[in-house]
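Input: a single structure, listed below in structure tokens.
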Amino acid sequence: MPTTPQPDPAALDTAPHTRPDRATTRALRDADPALRAAYRLCRRITRRHDPAIYALVQLMPSVLRPACWALWAAVTALDDLADAADVAPAERAARVETWTRALGHDLAAGTSTDPVRYALVDMAGRWRLDLTSLQGAMAQTRDDAHGLRFADWAAWRAWCNKEVVPWVEQVRHLFEQAGAPMTLRLDRQADYERFVDGAQLTDVLTDLSTDLAQGLLLLPQEALESFPGAETDLLQGRWSPPVAALITELTALARRRVTRPAMTRGMHPGAAIVLDAAAGLMRAQLDAIEAAGPTLLQRAPRPSLLTRLRVLAPARLRSSLAWSLTPLTVPGPRRPAATANLLSPVVDDTGLRPPPPHLSGARPPQIDADRMPAHVAVIMDGNGRWAEQHNLQRSEGHRAGTAAVREIVYGALEIGLRHLTLYAFSTENWKRDAEEITAILAILQSELDEAPLRDLNVRQRWAGWPDKLPEDLVDSLRREEHRTRARTGLTLTVCINYGGRDEITRTAAALAQAARDGDVDPHLVGEDDFIRHLPHPDMPDVDLLWRTGNEQRTSNFLPWHATYAELYFTPGYWPDMDRRDLWKAITEYSRRQRRHGAVPGPVASRETTACLLTPELPARH
């Protein structure tokens, strides 16, 4: 652990030429000299490697600045390891992996001999942050060391989302923990994604000369092929008409992407000022890229000091006023990060526990891989009728249904299901009695607060829209999405305030907007274009749609995804279901012959079908 004597730590929390901030000094009053030195180092790294990021951090409340410096210093440390020009790709990847694993050990220990990791560990402990969402980003950085190549914009955006977004989300969580949430309206989610794309594209264009010197061209083939000869000219460091035309088009695209004023509507004014300033700095950077011409291939262009001041000076005044009017939460003494063990190397390399066994000792059937559904969707029907059958209020039926949800998730994990989607509350359910609606939403909020699936390898997602939903519920849903985004086991999608026709209508509107923006050719629109504009483009088609409660209809549930789903209806009410019922549904699916419009093949013999059930499913008692 570094022990070099350092000046007063209060200095690391203030902008140049300003007085030390008392709130941040109090926040670090229990910090040892080594930790103070670590934060100072992170500040220097951020300022030296990314002056624009440093300027934006200075617009944030001073109590948040050390944490942001630690985050960006960690990004820089990993990038430097992955980009070392004098080291073989395999060795670069190994170094990133070593650094990442060391962070896991450090989080578990609560300290580190590396100053950047020490600051990161302290930040996570002080602000109660879950760093597991960074696993995917760190793994992507490791893979980047072997080189990057993108076939199209979809692949490029996937890389961007995996490598960049998790770090940005940690900053959003910081704002939330401080009491000034950088809330993004879900109807502006597309604006947010485009903004991130534009920021990354601006960064790629800025660093073009550095990347080309290492033989890297971080642009999709789809973009390069529109300008024949541009790729060869760029890799040879030659400025040509195709290169100039390519840069002009990409600069214009990045400018459109970062100009998203609607994104900050309804956001805390301080957070909105930070994002607006970020957009202003990126537009200034794009101006510099346009003006650079051939020198773009020789050095990174930078806006003039005067240009930067025109963006930052008013932003600094406005942000200072906004934060002075906002009571902020100052972090208390540091405690071990709640998720330290999740990044630590353990027996299964995840740190996540397996689901608890069924009380009866029942184990899942052995289903051949080619007979297993990839995606099971469930209409959880019969909660209210179950309650009436037991002489209880309908709300108690919904409460009992949450236990069934946990059981089904346990069963999905045990049998190895990849995707499970549950229909929890439809857009049509608003027609119900107000008291029942209130009870349902309260139960959903309670489940999110209790987080019974927290330590399972479950990636949680939400499908639906925020209209009419309580703000706290929306925030909790989004929080769980971000917290579990790096999980690699079961993807659990819960549909709340969801309607299938509504989803298709909104997707069509998004596709129309993309065509208007020039991102899609309306004459060449296909199914893939529609899928890319769905709320969850990576959701696979439903293989098995199961409905409980003795009803036989699909009720506006996943119409796009369930076009070829096998339908399975059962009479029992949802609260009576457990994992064995899921296994039975999957077993029934494995016996069916799916044709998708093709000529049916040979019918499997009873003996062949029986082989799919070893051991047999235990009987229900």
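Quick note: the coordinates plus some simple rules give every number you see, no bench work behind them. Being a predicted model, the structure only gives us computed values, none of them experimental. Neighbour counts are summed over all protein chains in view; Cβ atoms, including those assigned to glycine, are modelled from backbone coordinates with ideal geometry.
Normalised by the number of residues in the chain, the mean separation of alpha-carbon contacts (under 8 Å, six or more apart) gives a relative contact order of 14 percent. Rounded to the nearest 20 debye, the dipole size of the chain about its Cα centre is 1520 debye, using +1 on the Cβ of Lys and Arg and -1 on the Cβ of Asp and Glu.
Each label point was placed 7 Å from the Cα along the Cα-to-Cβ direction; for D80 and E388 their separation is 6.8 nm.
Mind running the shape call on the range 180-327? Use the C-alpha gyration tensor, a ≥ b ≥ c as the square roots of the eigenvalues: rounded below 1.5 for a/c, prolate if a/b tops b/c, oblate otherwise. All intermediate terms of the calculation are to be shown ahead of the outcome.
Details: a/c = 3.10, a/b = 1.90, b/c = 1.63.
Since a/c reaches 1.5 and a/b is larger than b/c, the shape of the range 180-327 is classed as prolate.
Normalised by the number of residues in the range 180-327, the average gap of Cα pairs under 8 Å and 6 or more apart makes the relative contact order 33 percent. Full extension of the chain between E290 and R353 yields a length gain of 17.5 nm, computed as 0.36 nm times the residue separation minus the alpha carbon distance. Normalising the average separation of contacting C-alpha pairs (under 8 angstrom, six or more residues apart) by the number of residues puts the relative contact order of the range 405-489 at 31 percent. If R0 is 45 Å, the Cβ-Cβ spacing of A300 and D528 corresponds to a FRET efficiency of close to 0.80.
Note on Q221 and R310: the model spin-label points, each 7 Å out from Cα along the C-beta direction, lie 4.1 nm apart.
Fully extending the segment from A442 to R238 would add 67.2 nm, taking 0.36 nm per residue of separation and subtracting the current Cα-Cα distance.
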